[in-house]
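**Q** Can you read through this structure? Questions will come right after.
The values are calculated or read from the model by the stated rules, or taken from the named source; none is laboratory data. Keep in mind that what you see is a predicted model, and the values were worked out from it rather than measured. Virtual Cβ from ideal backbone geometry, glycine too; neighbours counted across all protein chains shown. The protein model used for the area step is the full one, side chains on, heavy atoms only, and it has no ligands, DNA or RNA in it. Shrake-Rupley method; radii C 1.70, N 1.55, O 1.52, S 1.80 Å.
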Protein chains: 4
Amino acid sequence: MESTAPVSLIALLHGPDKPGLVARTAGWIFGRGGNILHADQHRDADANIFFQRIEWVPASDDLDKEADMFTRLARDELGMDVSVARSDARPKIAVFVSKIEHCFHDLMLRWKAGEMPCEIALTISNHPDMQAASESYGVPFHHIPVSKEDKEKAEKEQIAICREAGVELIVMARYMQVLSDSFIENCGCPVINIHHSFLPAFAGARPYEQAYKRGVKLIGATAHYATAHLDEGPIIQQDVAPVNHRHGVKDLMRKGRDLEKSVFAQAVRWHLEHRILTFANKTVVFD
Amino acid sequence: MESTAPVSLIALLHGPDKPGLVARTAGWIFGRGGNILHADQHRDADANIFFQRIEWVPASDDLDKEADMFTRLARDELGMDVSVARSDARPKIAVFVSKIEHCFHDLMLRWKAGEMPCEIALTISNHPDMQAASESYGVPFHHIPVSKEDKEKAEKEQIAICREAGVELIVMARYMQVLSDSFIENCGCPVINIHHSFLPAFAGARPYEQAYKRGVKLIGATAHYATAHLDEGPIIQQDVAPVNHRHGVKDLMRKGRDLEKSVFAQAVRWHLEHRILTFANKTVVFD
Amino acid sequence: MESTAPVSLIALLHGPDKPGLVARTAGWIFGRGGNILHADQHRDADANIFFQRIEWVPASDDLDKEADMFTRLARDELGMDVSVARSDARPKIAVFVSKIEHCFHDLMLRWKAGEMPCEIALTISNHPDMQAASESYGVPFHHIPVSKEDKEKAEKEQIAICREAGVELIVMARYMQVLSDSFIENCGCPVINIHHSFLPAFAGARPYEQAYKRGVKLIGATAHYATAHLDEGPIIQQDVAPVNHRHGVKDLMRKGRDLEKSVFAQAVRWHLEHRILTFANKTVVFD
Amino acid sequence: MESTAPVSLIALLHGPDKPGLVARTAGWIFGRGGNILHADQHRDADANIFFQRIEWVPASDDLDKEADMFTRLARDELGMDVSVARSDARPKIAVFVSKIEHCFHDLMLRWKAGEMPCEIALTISNHPDMQAASESYGVPFHHIPVSKEDKEKAEKEQIAICREAGVELIVMARYMQVLSDSFIENCGCPVINIHHSFLPAFAGARPYEQAYKRGVKLIGATAHYATAHLDEGPIIQQDVAPVNHRHGVKDLMRKGRDLEKSVFAQAVRWHLEHRILTFANKTVVFD
């Protein structure tokens, strides 16, 4: 994070496991004079899949060329799915929000404080309420109302705005509309959602009311990638807080806000730091 | 817990809320020269129910008479459900266990260490494996095999043994048989179970396998009163521990054992200390 | 918190324990037609001190008179230190801040969201940096530079501003100046500070550096009342987060910010809800 | 942990960082036909030290020769401190205990349950109390009384017994004697201690009393390697639990027992699984 640190490359790979993968990637980097800063591996023994996050400072100044060469090694010679990013990249992200604002402010303040290596390019909301707040952070605001009848049209507009701006990640900061399958398929980038329960418990609407009614002693929050199946995407992070009989639904909501903020922020940060691989509806998080 | 502390009475009450309940119970005790050690109240605003745990040292040496008089006040004059216990009571409990032994040993060792104000009167198991262990703690062991065909007969035998021994609480220390509705109705005392997930997530069989498959980032354990509905009884206590992609099912089981032990022990201790009231399938825990 | 809830009175009392205190306060309220909403007691067995928080809705509309009468009962007849507050009171608080801004924003946003029953009357800072932020929340900002030479004068000015505005609580949102004994004695209200370690470990300057150097596996934050002894006042709340060898000082700081925010906010909210009594350099928190 | 898993080698290395270390170790293993199961690295940027834990299944059946060859590579060619262990090794450990027995039983039961890859070779105690318990687990018991006058002699006897038995790790399961510098220097193996506070807070005697007096809201436990400086050795693991004003010293002790057990067990297990490197009075734990 030091401004004086040299720019590094970060590769995320996964694919069929076979002997020598660690040696091949590390050896290639070493052979080209690179200096490995971090190398984390995981193998899923059941599925025989190899996962790696490897970060290095190349000897060459032409980072894009190095990234390209590594991609070819990993993909063509090692048979891996691979992506390589520069540590100084600041991908554009879009924040979707409705009226509930704690996750929105929390994300913006962390971004302003330098915790989030990205550019928050725009805010999209189905309500006009957050316009002034968004603009006070210097982030353009798009009000796109959504009703049952025009949801398809609204989603097309959302996608158009994101594509136009070159958005590489959409984060739903308590956006209270369910995204359609078509949106997920066509938006062109990953979508991170925060759900206010410890999934798979209390999926769907009004999780705090559900939790209160069931009488649980812990409430939770779950950040996950959105998929076409509501609240069933790969889980990135979860946390819980104790509650007791003295806590009504409003108390659960208040306590839950703190969980939602920290879990959401952590998931977004991990994504931006290229720490997450997904496979078989689960995540590998190299933290 | 001090051996030199005077014996106190502990009343648990609940019933329709109305003004003056705190003043009436406290005033009655004060009027008879008693010294209140603790008084905790809760009101369920939705259901208009009043809950109280009140502990006091009566002036009179005849504690049973005082308990009886308080019971009549609470029941007849205040319209409450009420139970009164002596702090020096050591109710008999029965431990049900199968082959998995960590909760069993943990409970026995805590009992031996003085953490559990009870007498562990007997162990019942559907397997013979734990006989020597149980007897090494000085606890008689009953082996009652259970098969699909003779489950009804086995349960009758279990109930007969518990009733014969004067058991006031049954605790299921990872007992791997589902108790029938008939057992719950006829056993004559509460039953505490430990389930190895954060209910309501992963109810039923093989919760660690379920959790592994879903890719959750927290595993949990839940202690609850057993009811006729499997894994749906009032929750007493829950706890969780973080897991990640490096943890296989066996690791979840190992980490889960620690959760199960502490959650189970805490629930049993709270019950024995008369800290738990149940209402509307939820618990009020005065801890 | 419901706008439709009737206004209640909340009394905090403590003093020498004697039989009948619970009955006397509850009986007095009941006798005057009041409805007790909550009553929590604690007795310090070592010091023989009784502590109570009791909240009730009086029958009379003249709440100030009821508060006054209860005060006389508790003080004159029961020999207690006592304070009584109205649930609809919104005491004025002053926020002291330097340049580090996360606790400041967090507090302001919680206040705006309705979590903090107070009026944030003013911000005081030894730096000008937070002026625009403070004013964007509608809170007047006072820049009072502090140097070694003029610290006494600066503190007098701070006190004058707080007294002028009728401030009833000062909160130090990572204010990086040590308050003098004289300030604490003369400011006329309690002061809550957030320290970025689990006290008593790593008191004093640069706690994250200290923690890093010692190689602890948990970092913490502690909210406490400020006294004349730096970092030694009564502890209100503490929390920790796990760290490991991968975390440098900057990571500890980032993780610590989340702890500081939540611990600080909880302590301030508890104070504003009249949940805290202090005795013998410790706190009783009726949460 | 599977009995059918092939035996692997686990190397722990650390030394001056330089480019190519990951590639060199991985390349060497790959070049000899080995299959890397895990490889974790860390570099201490301040001190420029490289740390690695690497586990692999060699192609050759002669594991001891492979271990020897790897040791020479790491030591002689790469300039590293290195140790290599077989995954099927079961090092002998000695348990030191006094009269407090919860950590002792917990460790023994985990060992019996297969959680601890070691052979518990013997128990040493300054009291005779735990003899029957130790022997019930099949572990020989040595009673070596320790008094101020004969401490030196007692320690020599302890060391002689451990050396005679080939002990490779000493664990202090709440052993209530301070080991002398001479013991630490001469016992010939690492020593793991459990301290009942979150160090560096409340070092020394009676930490629960200290914590109670200070009024902390969290109590803790710390497992660390013992060094000549009491309670100042490298910290392996720490955990905490919340407490409040209702908890007396005895409650802190009861809650603390659960912390001590889990923290102690985790530290011992990590050591036995070759997950810990120490440097500059800190630990790197590859978990």
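**Q** Scan the range D:85-104 for residues that are assigned to a loop (DSSP other than H, G, I, E, B) and within 30 Å of D:Pro128 (Cβ to Cβ) and jot them down.
**A** The answer is D:Arg90, D:Pro91, D:Ser98, D:Lys99, D:Ile100, D:Glu101.
**Q** Still on this model: Would you be able to say whether some residue in the range A:200-217 is within 25 Å of A:His274 (Cβ to Cβ) and touching a residue at least 12 places away in the same chain (Cβ under 8 Å)?
**A** no
**Q** Restricting to the range C:224-237, and then to whatever is within 11 Å of another protein chain (Cβ to nearest Cβ) and under 30 Å from D:Ala267 (Cβ atoms), can you tell me which residue is least open to solvent (accessible area, probe 1.4 Å)?
**A** The extreme case among them is C:Ile235.
**Q** Please identify the pairs in which a residue from the range A:113-130 that is closer than 20 Å to A:Leu272 by Cα has its Cβ atom under 6 Å from the Cβ atom of a residue that is aromatic (Phe, Trp, Tyr) and not in a strand (DSSP E or B), counting only partners at least 6 apart or on another chain.
**A** A:Ile120/A:Trp111
**Q** Moving to a separate point now. Quick one: C:Trp56 ticks every box in (1) among the aromatic types (Phe, Trp, Tyr); (2) without any contact (Cβ under 8 Å) to a residue 24 or more places away in the chain; (3) more than 9 Å from chain B (Cβ to nearest Cβ) bar one, so which box is it?
**A** Single failed check for C:Trp56: (2).
**Q** Shifting gears a bit: B:His196 passes all but one of (1) out of contact with any helix residue (DSSP H, G or I) (no Cβ under 8 Å at 6 or more places or on another chain); (2) closer than 25 Å to A:Ile219 by Cα; which number fails?
**A** Status for B:His196: all satisfied but (1).
**Q** Further, regarding this structure: If we keep just the residues of the range C:37-46 that are part of a strand (DSSP E or B) and either hydroxyl-bearing (Ser, Thr, Tyr) or more than 8 Å from chain B (Cβ to nearest Cβ) (or both), which is farthest from B:Ala23 (Cα to Cα)?
**A** That would be C:Asp44.
**Q** Here is a list of conditions, (1) within 30 Å of B:Met116 (Cβ to Cβ); (2) of a type in the set (Gly, Ala, Ser); (3) away from chain C (no Cβ under 11 Å), and D:Gly220 meets all of them except one; can you say which number that is?
**A** Here D:Gly220 clears every test but (3).
**Q** For the range C:62-84, what are the residues that are out of contact with any Gly (no Cβ under 6 Å at 6 or more places or on another chain), away from every other protein chain (no Cβ under 14 Å), outside any helix (DSSP H, G or I) and crowded, with 18+ Cβ neighbours inside 10 Å?
**A** If the condition is that a residue be out of contact with any Gly (no Cβ under 6 Å at 6 or more places or on another chain), away from every other protein chain (no Cβ under 14 Å), outside any helix (DSSP H, G or I) and crowded, with 18+ Cβ neighbours inside 10 Å, then C:Val82, C:Val84 are the ones that fit.
**Q** Sticking with this one: For the range D:9-36, give me each residue that is buried (at least 20 other Cβ atoms within 10 Å of the Cβ) and part of a loop (DSSP other than H, G, I, E, B).
**A** The answer is D:Gly34, and nothing else.
**Q** Report every pair of residues separated by at least 6 positions or lying on different chains whose Cβ atoms are under 8 Å apart, first residue within the range A:171-182 and more than 9 Å from A:Ile194 (Cα to Cα) and outside any loop (DSSP other than H, G, I, E, B), second open to solvent by 30 Å² or more (accessible area, probe 1.4 Å) and acidic (Asp, Glu).
**A** Final answer for the pair search is A:Ser182/A:Glu152.
**Q** Given the structure, is D:Leu169 farther than 16 Å from D:Ile120 by Cα and open to solvent by less than 30 Å² (accessible area, probe 1.4 Å)?
**A** Taking the combined requirement at face value, the residue does not satisfy it.
**Q** On the given criteria, is C:Leu107 touching a residue at least 40 places away in the same chain (Cβ under 8 Å), out of contact with any strand residue (DSSP E or B) (no Cβ under 6 Å at 6 or more places or on another chain), crowded, with 21+ Cβ neighbours inside 10 Å and under 30 Å from C:Lys282 (Cβ atoms)?
**A** Judged against the criteria, C:Leu107 is a match.
**Q** Could we say that A:Lys99 is within 19 Å of A:Leu179 (Cβ to Cβ), of a type in the set (Lys, Arg) and surrounded by fewer than 18 Cβ atoms within 10 Å (Cβ to Cβ) here?
**A** Spelling it out, A:Lys99 is indeed within 19 Å of A:Leu179 (Cβ to Cβ), of a type in the set (Lys, Arg) and surrounded by fewer than 18 Cβ atoms within 10 Å (Cβ to Cβ).
**Q** Another question, then. Filter the range D:174-210 for residues that are of a type in the set (A, V, I, L, M, F, W, C) and open to solvent by 30 Å² or more (accessible area, probe 1.4 Å); which is nearest to C:Pro207 (Cα to Cα)?
**A** Filtering first and then ranking leaves D:Ala203.
**Q** As an exercise: evaluate D:Ile49 against (1) open to solvent by less than 30 Å² (accessible area, probe 1.4 Å); (2) in contact with a helix residue (DSSP H, G or I) (Cβ under 8 Å, 6 or more places away or on another chain); (3) more than 9 Å from chain A (Cβ to nearest Cβ) and give the number of the one condition it does not meet.
**A** (2)
**Q** Right, next: So B:Ala113 clears everything in (1) closer than 30 Å to B:Ala23 by Cβ; (2) open to solvent by 10 Å² or more (accessible area, probe 1.4 Å); (3) among the aliphatic types (A, V, I, L, M) except one condition, right? Which one?
**A** The failed condition is (1).
**Q** Looking at the range C:137-156, is at least one residue in a strand (DSSP E or B), outside the structural domain of C:Ala221 (by TED's automatic domain parsing), in contact (Cβ under 8 Å) with a residue 24 or more places away in the chain and within 15 Å of C:Leu107 (Cβ to Cβ)?
**A** No - not one qualifying residue is present in the range C:137-156.
**Q** So C:Ala39 clears everything in (1) more than 25 Å from D:Gly215 (Cα to Cα); (2) buried (at least 22 other Cβ atoms within 10 Å of the Cβ) except one condition, right? Which one?
**A** Just one mismatch for C:Ala39, condition (1).
**Q** Could you check, for the range A:117-136, whether at least one of its residues is within 14 Å of chain C (Cβ to nearest Cβ), surrounded by 16 or more Cβ atoms within 10 Å (Cβ to Cβ) and among the aliphatic types (A, V, I, L, M)?
**A** Yes, the range A:117-136 contains at least one residue that is within 14 Å of chain C (Cβ to nearest Cβ), surrounded by 16 or more Cβ atoms within 10 Å (Cβ to Cβ) and among the aliphatic types (A, V, I, L, M).
**Q** Can you pull out the residues in the range A:157-170 that are part of a strand (DSSP E or B) and either among the charged types (D, E, K, R) or within 30 Å of A:Leu218 (Cα to Cα) (or both)?
**A** Within the range A:157-170, A:Ile170 is the sole residue that qualifies.
**Q** How many residues are outside any loop (DSSP other than H, G, I, E, B) and facing another protein chain (nearest Cβ under 9 Å) if we restrict to the range D:191-210?
**A** Going through the range D:191-210 one residue at a time, the tally reaches 1.
**Q** Looking only at residues that are in contact with a strand residue (DSSP E or B) (Cβ under 9 Å, 6 or more places away or on another chain), within 11 Å of chain D (Cβ to nearest Cβ) and among the β-branched types (Val, Ile, Thr) in the range C:238-282, which one is surrounded by the most Cβ atoms within 10 Å (Cβ to Cβ)?
**A** C:Val263
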